[in-house]
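The values are calculated or read from the model by the stated rules, or taken from the named source; none is laboratory data. A quick note: this is a predicted structure, and the numbers were derived from the prediction, not measured. Quick reminder, even Gly has a Cβ in these numbers, built from the backbone with ideal geometry, and neighbours come from all protein chains shown. Just so you know, the surface numbers come from the protein's heavy atoms only, side chains and all, with ligands and any DNA or RNA stripped out. Shrake-Rupley method; radii C 1.70, N 1.55, O 1.52, S 1.80 Å.
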Amino acid sequence: MHTLPDIGAAPAVSTALAADLDAAGFTVDRVDALWGTEAAASLHRGSRVAALRALAARETTPLGTLATLFVLGLPTSRADAAAAFPTAGLDAVIAAGLLTGDGADVRPTVDLRPYAFVDDLGAGSWWIVSDLGELALGHAISEEHVLGIGGATTTLSGLQVPVPVRTVLDLGTGCGIQAMHARRFAEHVVATDISRRALDIARFNAQLNGIDGIDFRYGSLFEPVAGERFDRIVSNPPFVITPRRPGVPSYEYRDGGMVGDALVETVLRGLSDHLEPGGTAQLLGNWEYHWGVDGLDRVRGWFADTDLDAWVIERERQDPTSYAETWIRDGGTKPGTPEFDTLMGAWLDDFADRRVTGVGFGYVVARRAQPGGTASLRRFERVPEMLGSNPAGLGATVARVLDAAAWLADHDDAALAVAHLTVAGDVTEERYYWPGNDDPTVMTLVQGGGLGRRVDADTALAAFVGACDGDLSVAAIVGALAQITGVDEQVLAADLLPAARDLVLDGLLLPA
């Protein structure tokens, strides 16, 4: 167990520190420019050598000092550090728990780095404090480690629906990044965590970036918000499956203390009790495959008795060995060591005992029905292919799918037949021909954004979509195609209307 520093600062200190970071130009672009793209990529792979060589060739500046301390996790001279904090003062930064003094040098106690993003409100940037990683520490991380920005961070922030609401719950806030993103679209955010240290860091991050309106609460899962409902819930819960065996570390940032995927099940089953009617939830999670039982079928069962629309997307599936290796390395235990082998044995024994054959990862989107309503969307799918172009994330796609599901629920086939549809602006068509043939052998509708859907189309469906320009109703287009092709109109409608529904749900066709 490794002792972690306390994090805390008065708002005045946070404000002064932010002024120093801003004055030094402590941004993603300028930090990357300090050592270049190759060194940045090497740093991402766990090596500081190239970055240090680049810094050594430069004159010492406040920006270089900040990058050395908080990005590389290395000490600097007290004089250089003092020059980097002219407003806050070095003593105040040390007192806040960000640095520690060591004679003529100072050493970082946390990771502090710039973070840039784009959402539907435009581009933004913050500074985010988290705990030092394995590279800076030189050993495995503590079980109380507070994680910083990673791939899951950007995935979930991009899933958040970019629609203004009154209240949002960030369940398991960690360093606070999702609560900060949620605040851009919400009047008030409640952020919970079972780690008091995570809450301290999250509160500090909000202060540092001048973000108010976030209520930080201590407790497990929904306990801190018992009896409360929210317009939106976001969560990257601590879902990592961990053996409940002696000697296996239990990292607070990823391990909720339950067996298998029970924590994800608990969160999903609890959504309905904490969402306002019409409220939505966007989460990350994983689920187990058991012998003879499909993982997505298990997730489907968790929603069976709820009033929630559910859209679950599995993006990846790992076998038990790969899963164990991934999360053992994530904790800083290196392959080839006795500790790694012991943990591998514990993980594989746990999976074998519970008949686990694989673990799926993905996204969960849910929406609570209006009073008296029922769920209209139950979609459980695997989307392992590349996504479409989504510079601001998938949040707008999530909102559009939920709106489309509601529209389709209100339009039976008769109502759909009189509706007018248009082709989305990001849809193109690919055609493939045998050499010398005039007629295509394969036609594919391609979505440029969203999930990047690719829909194989026959001649009738391709012609139907091509005619959807908002002028003619669905029935009129089907009737015209029936006359041209000589196919019975009712038979053609029976083929095209279900396909049109799928295309509306996927966003390739839009209600005019």
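Observations, loosely collected:
- Any chance Ala40 is more than 20 Å from Leu147 (Cα to Cα) and either at pLDDT 90 or above or out of contact with any strand residue (DSSP E or B) (no Cβ under 6 Å at 6 or more places or on another chain) (or both): no
- Pick from the stretch 315-325, criterion surrounded by 15 or more Cβ atoms within 10 Å (Cβ to Cβ) and in contact with a Phe, Trp or Tyr (Cβ under 7 Å, 6 or more places away or on another chain), ranking: nearest to Gly278 (Cα to Cα): Arg315
- So Gly278, is it closer than 26 Å to Ala198 by Cα and more than 18 Å from the chain's Cα centre (by Cα): no
Results for (1) within 18 Å of the chain's Cα centre (by Cα); (2) more than 30 Å from Pro277 (Cβ to Cβ); (3) surrounded by 23 or more Cβ atoms within 10 Å (Cβ to Cβ), shown as yes or no for each residue.
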site	(1), (2), (3)
Leu99	no, yes, yes
Asp105	no, yes, no
Ser142	no, yes, no
Gly151	yes, yes, no
Ala182	yes, no, yes
Asn205	no, yes, yes
Asn209	no, yes, no
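- Residues satisfying the stated conditions in the stretch 107-130, i.e. in a loop (DSSP other than H, G, I, E, B) and either among the β-branched types (Val, Ile, Thr) or surrounded by fewer than 13 Cβ atoms within 10 Å (Cβ to Cβ) (or both): Thr109, Leu121
- Qualifying residues in the stretch 245-263 (those that are among the hydrophobic types (A, V, I, L, M, F, W, C) and part of a loop (DSSP other than H, G, I, E, B)) - the one least open to solvent (accessible area, probe 1.4 Å): Val248
- Residue check for Asp170: open to solvent by less than 10 Å² (accessible area, probe 1.4 Å), assigned to a strand (DSSP E or B) and of a type in the set (Asp, Glu): yes
One line per residue, one yes/no per condition, for (1) out of contact with any helix residue (DSSP H, G or I) (no Cβ under 8 Å at 6 or more places or on another chain); (2) among the β-branched types (Val, Ile, Thr); (3) at pLDDT 95 or above:
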| site | (1), (2), (3) |
| --- | --- |
| Asp307 | no, no, no |
| Ile313 | yes, yes, yes |
| Asp319 | yes, no, yes |
| Glu325 | no, no, yes |
| Asp330 | yes, no, no |
| Thr342 | yes, yes, yes |
| Gly345 | yes, no, yes |
| Asp350 | yes, no, yes |
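- From the list Ala475, Ala500, the lone residue that is in contact with a strand residue (DSSP E or B) (Cβ under 7 Å, 6 or more places away or on another chain) and within 23 Å of Ala405 (Cβ to Cβ) is Ala500.
- When restricted to residues that are out of contact with any helix residue (DSSP H, G or I) (no Cβ under 6 Å at 6 or more places or on another chain) and closer than 22 Å to Thr444 by Cβ, the stretch 464-480 contains 4.
- Residue that is least open to solvent (accessible area, probe 1.4 Å), among those in the stretch 184-203 that are charged (D, E, K, R) and under 19 Å from Gly279 (Cα atoms): Arg184
- In the stretch 417-455, residue most open to solvent (accessible area, probe 1.4 Å) [restricted to those that are among the charged types (D, E, K, R) and in contact (Cβ under 8 Å) with a residue 12 or more places away in the chain]: Arg454
- Residue check, Leu308 aliphatic (A, V, I, L, M), more than 17 Å from Asp261 (Cα to Cα) and either touching a residue at least 60 places away in the same chain (Cβ under 8 Å) or crowded, with 18+ Cβ neighbours inside 10 Å (or both): yes
- Filtered by the rule that a residue be of a type in the set (Gly, Ala, Ser), open to solvent by less than 70 Å² (accessible area, probe 1.4 Å) and not in a helix (DSSP H, G or I), the stretch 17-76 gives Ala24, Gly25, Gly46, Ser47, Gly73.
- Output for the stretch 190-244, where each listed residue is under 30 Å from Arg354 (Cβ atoms), small (Gly, Ala, Ser) and assigned to a strand (DSSP E or B): Ser235
- Residue check for Glu385: part of a strand (DSSP E or B) and open to solvent by 50 Å² or more (accessible area, probe 1.4 Å): no
- Within the stretch 335-370, being assigned to a loop (DSSP other than H, G, I, E, B), closer than 19 Å to Phe303 by Cβ and open to solvent by 30 Å² or more (accessible area, probe 1.4 Å) holds for one residue alone: Gln370.
- Some residue of the stretch 465-479 being within 23 Å of Glu381 (Cα to Cα) and either β-branched (Val, Ile, Thr) or at pLDDT 95 or above (or both): no
- The residues on offer are Val234, Val248, Val225, and the sole one that is within 30 Å of Ala96 (Cβ to Cβ), of a type in the set (A, V, I, L, M) and over 20 Å from the mean Cα position of the chain (by Cα) is Val225.
- In this entry, Leu505 is excluded by the filter for residues that are out of contact with any strand residue (DSSP E or B) (no Cβ under 6 Å at 6 or more places or on another chain), assigned to a strand (DSSP E or B) and either at pLDDT 95 or above or surrounded by 15 or more Cβ atoms within 10 Å (Cβ to Cβ) (or both).
- Of all residues making up the stretch 388-416, the number that are surrounded by fewer than 19 Cβ atoms within 10 Å (Cβ to Cβ) and hydrophobic (A, V, I, L, M, F, W, C): 7
- Scope the stretch 287-312; condition assigned to a loop (DSSP other than H, G, I, E, B), over 21 Å from Tyr323 (Cβ atoms) and out of contact with any Gly (no Cβ under 9 Å at 6 or more places or on another chain); matching residues: Phe303, Ala304, Asp305, Thr306
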